[in-house]
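Only one structure is covered here, and it is reproduced in the block below.
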Amino acid sequence: MTHKKWETHNPSGSKRVIVTKVLPGSLWMERLIKADCKVEVCTSTDVLSVEDIKAAIGQQCDAVLGQLTEDWGDELFGALKAAGGTAYSNVAVGYNNVDVDAATQHGIPVGNTPGVLTETTAQMAVALTFAAARRTGEAERFMRAGLYKGWLMTLFLGELLWRKTVGVIGAGRIGATYARMMVEGHKMNLVYHDIYPNQDLEDYIAAYSDFLTSRGEEPVTCKRVDSLEELLQAADCVSVHTVLDETTRHLINAERLALMKETAILVNTSRGPVVDEAALVDHCRRHPDFRAGLDVFEDEPDMKPGLVDLDNVVIVPHIASATRWTREGMATLAATNVAGLLTGYPVWNRPDILPFLEADPPLATPSIVNAVELNLPIFEGS
């Protein structure tokens, strides 16, 4: 084992599984032990390097539960394969830290944890939107510093988003949920950019608009635009919900920031490199009425120089999914992925993932992103 600290659970288990970080809850551990796994958990809080993980895998390892902060490429999947490993799961819905092609070439299924982060992450995007709009971070620091001397008409004037326009980049599950929260909660018009139309979202907004009209209120609108530039120019607040790949890296750059309104708000709860962080720092310095809310960063855990000094940027440490229910659900799904693969269960790969959080889950493996490529059997039960 490496110089990191590790704890062993169920030492008599016949299948060795390493878990690269302490996970919340207990159901995930129960799932692995029920699958006859010896579970070794790294209790060190720092991020494990590739060498750390290779040393932990050692000569014999059946599976790994890894983190999005780790670089899972050919080197690690090769080491896992050489140690007899047959399963890997990211404890995250995203897997931009994983070279899925390399895993597939080594014959190793890659699990992820969709379906339990949607509302939680959307809520954080909403929270960051209004923390930025209403300058709550600045105001709290002002109070804690003992600077408040009395009520003033001009103290911390922010932006009212009621009946304004919200822009959503990426209208998948999280983006669409954020959009509904903003439209229904604040009667905002929606403009969204996605390579695919989200008809369910459009129908939902249309039904809500009809409801408002039936009450004698102004309707709301929903518009999908092919041009990201059109969205940025139209929206009063913009929330980013894209995947990270080569087409979305620095999707929000200096040129596109310049298109946004002087008082606009940019929120990112997706992946840090989607936003050119240095360009954002420069833009916020030069436009003090522009605001941003960031949960993710380009070089996590580091931030670009100058970001921490900006009062018009709200920053939190990648906690968009950090509710007890969600994080425990992520841990449970990741463990169930590994337990299912080691037990030989077929792959579920259905949108409704919540049955796996129950005490008596389906006899299936919840979510494997390369199931088709590996020709894994698919669950056909009810």
Open item on the list: So residue 370 ticks every box in (1) more than 26 Å from residue 38 (Cα to Cα); (2) in a loop (DSSP other than H, G, I, E, B); (3) in contact (Cβ under 8 Å) with a residue 40 or more places away in the chain but one. Which box is left unticked?
Closed with: (1)
- [ ] Within region 140-160, work out how many residues are surrounded by 15 or more Cβ atoms within 10 Å (Cβ to Cβ) and more than 15 Å from residue 293 (Cα to Cα).
- [x] 1
Task: Residue that is over 20 Å from residue 328 (Cα atoms) and in contact with an Asp or Glu (Cβ under 8 Å, 6 or more places away or on another chain), where the choices are 377, 346 - done: 346
Task: Restricting region 1-42 to residues that are under 23 Å from the mean Cα position of the chain (by Cα) and of a type in the set (S, T, N, Q), the residue that is surrounded by the most Cβ atoms within 10 Å (Cβ to Cβ) - done: 20
Task: Matching residues in region 268-289 - criterion: being among the acidic types (Asp, Glu), assigned to a loop (DSSP other than H, G, I, E, B) and crowded, with 20+ Cβ neighbours inside 10 Å - done: 276
Open item on the list: Suppose we filter region 291-300 for residues that are in contact (Cβ under 8 Å) with a residue 60 or more places away in the chain and either aliphatic (A, V, I, L, M) or more than 14 Å from residue 273 (Cβ to Cβ) (or both); how many remain?
Closed with: 4
TODO: Please determine, by comparing only the residues of region 251-267 that are assigned to a loop (DSSP other than H, G, I, E, B) and among the small types (Gly, Ala, Ser), which one is nearest to the chain's Cα centre (by Cα).
DONE: 264
Task: Residue within region 322-332 that is within 26 Å of residue 14 (Cα to Cα) and of a type in the set (S, T, N, Q) present - done: yes
Open item on the list: Residues that are within 23 Å of residue 102 (Cα to Cα), without any contact (Cβ under 8 Å) to a residue 24 or more places away in the chain and assigned to a loop (DSSP other than H, G, I, E, B): does region 345-363 have at least one?
Closed with: no
Task: Out of 298, 328, 380, sole residue that is outside the structural domain of residue 84 (by TED's automatic domain parsing), out of contact with any Ser or Thr (no Cβ under 7 Å at 6 or more places or on another chain), surrounded by 15 or more Cβ atoms within 10 Å (Cβ to Cβ) and among the acidic types (Asp, Glu) - done: 298
Open item on the list: I'm checking my understanding of the structure. Among residues of region 303-314 that are surrounded by fewer than 16 Cβ atoms within 10 Å (Cβ to Cβ) and in contact (Cβ under 8 Å) with a residue 24 or more places away in the chain, which one is nearest to residue 174 (Cα to Cα)?
Closed with: 311
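Table: residues versus (1) in the same structural domain as residue 269 (by TED's automatic domain parsing); (2) closer than 20 Å to residue 268 by Cα; (3) of a type in the set (Val, Ile, Thr); (4) buried (at least 18 other Cβ atoms within 10 Å of the Cβ).
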{"site": "175", "(1), (2), (3), (4)": "yes, yes, no, yes"}
{"site": "187", "(1), (2), (3), (4)": "yes, no, no, yes"}
{"site": "190", "(1), (2), (3), (4)": "yes, yes, no, yes"}
{"site": "193", "(1), (2), (3), (4)": "yes, yes, no, yes"}
{"site": "198", "(1), (2), (3), (4)": "yes, no, no, yes"}
{"site": "203", "(1), (2), (3), (4)": "yes, no, no, no"}
{"site": "207", "(1), (2), (3), (4)": "yes, no, no, no"}
{"site": "210", "(1), (2), (3), (4)": "yes, no, no, no"}
{"site": "213", "(1), (2), (3), (4)": "yes, no, yes, no"}
Task: Residues (touching a Ser or Thr at 6+ places or on another chain (Cβ under 6 Å) and more than 18 Å from residue 165 (Cα to Cα)) located in region 121-137 - done: 121, 124
Task: Residue check, residue 296 in contact with a helix residue (DSSP H, G or I) (Cβ under 8 Å, 6 or more places away or on another chain) and assigned to a strand (DSSP E or B) - done: no
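The values are calculated or read from the model by the stated rules, or taken from the named source; none is laboratory data. Since the structure is predicted, the reported quantities are computational estimates derived from the model, not experimental observations. Ideal geometry is used to build each Cβ from the backbone, glycine not excepted, and the neighbour counts take in all protein chains shown.
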